[in-house]
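Data first, discussion second: the structure below is written as structure tokens.
Readers should treat all values here as calculations from the given coordinates under stated rules, not as data from a laboratory. On a predicted model such as this, the values are computed, not experimentally measured, just so you know. When we count neighbours, we look across all protein chains shown, and the Cβ atoms used for this are built from the backbone with ideal geometry, even at glycine.
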């Protein structure tokens, strides 16, 4: 992230309300989204003549990836994130487009596939001023509280 990009995002020192409790809210949102993804995956299983049960983890991964890309691209937040009043912002302060939603979701998928990256991401969220995870740092994005108007 360049200095030019940083000026488009809320400053964690002068506007800490944007980042207050974001890591905890992201965890709650992740759990809520996982429940939604599980439900959607279970709804799909009968349409696979129940063969989806044999590759259910793969089905959940595909459904989860699609769910996250679509919901983030449409509103810069998943349904779980909307539940806890947070949303993603791009380095310019704007909402995510489809490409950025895809890239961020891909980063999450890679982190979930390699647990050491997920641990690094969690540590970063708990220690960085903007509460950015690994994917956020790479893409220059942030998760912020929605009720604090930008």
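Things worth noting here:
- With Cα atoms, 0 to 90° folded angle of helix 115-127 axis to the chain main axis: 30
- Going from the fewest other Cβ atoms within 10 Å to the most, the residues 67, 19 appear in the order 67, 19.
- Pair residue 128, residue 13: separation of 7 Å Cα→Cβ label points (nm): 1.9
- Protection-proxy order for peptides 51-60, 129-138, 91-100, each taking the mean of Cβ atoms within 10 Å per residue, highest first: 129-138, 91-100, 51-60
- The order of the peptides 112-119, 35-42 by mean Cβ neighbours within 10 Å, most packed first, is 35-42, 112-119.
- For the chain, the longest principal axis of the Cα atoms and the long axis of helix 56-75 meet at an angle of about 40 degrees.
- The stretch 7-30 versus the stretch 83-142: alpha-carbon centroid distance in Å: 12
- Helix axis angle, 22-44 relative to the chain longest principal axis, alpha carbon, degrees: 20
- Structure-derived semi-axes √(5λ) of the Cα gyration tensor in Å - corresponding label in (1) 29, 15, 14; (2) 25, 16, 14; (3) 70, 33, 11: (1)
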